[in-house]
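Chemist: First the structure, which I've put down as structure tokens, then a few questions once you've had a look.
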Amino acid sequence: MEIKFSPAQYKTLVKLVYLGAWMANSIRTNDIVEEFEDMENYIYSFAQRFGINDWFEYDKKSESYFPTVSFEEDPQILKYISDYDEELFWDELIDRL
């Protein structure tokens, strides 16, 4: 199976994958969801082909791609995370009261 993406679509996919993996694994320490981490790494491996290799760094030791600080601190990404955290906070507060 082959799926083709335009550069804009790939950028959107990368953001979705990052945010999904962040939601699933950011709170975990020893029980990282490997399936998600593997998919995240696979998707990031195509960044250079789409001209966004400045969004990721490759670590030879772990053979993994990691988002750069500039990607993680992108105002749009931070806004999505902030909005999620804010909504989650109020939902949890209501449920716990």
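Chemist: Using the Cα gyration tensor of the stretch 31-81, with a ≥ b ≥ c the square roots of its eigenvalues, what is the shape: rounded (a/c below 1.5), prolate (a/b larger than b/c) or oblate (neither)? Please list the in-between numbers first.
Modeler: Working: a/c = 1.82, a/b = 1.18, b/c = 1.53.
The shape class here is oblate.
Chemist: To check my understanding: the extent here is largest minus smallest coordinate of the Cα atoms along each principal axis. What are those three numbers for the chain, in Å, largest first?
Modeler: Computed over the Cα atoms, the extents are 50, 31, 30 Å.
Chemist: Could you tell me the calculated FRET efficiency between I32 and A8, based on Cβ-Cβ distance and R0 = 22 angstrom, to the nearest 0.05?
Modeler: The computed FRET efficiency comes out at 0.15.
Chemist: Specify whether the C-alpha gyration tensor of the stretch 52-97 places it in the rounded, prolate or oblate class, a ≥ b ≥ c being the square roots of the eigenvalues: rounded for a/c under 1.5, otherwise prolate if a/b is larger than b/c and oblate if not.
Modeler: Taking the square roots of the gyration eigenvalues as a ≥ b ≥ c, the stretch 52-97 is oblate.
Each value in this text was obtained by applying a stated rule to the coordinates, not by laboratory testing. Keep in mind that this is a model prediction, so the values were computed, not measured. Note that we place each Cβ from the backbone using ideal geometry, even for glycine, and neighbour counts take in every protein chain shown.
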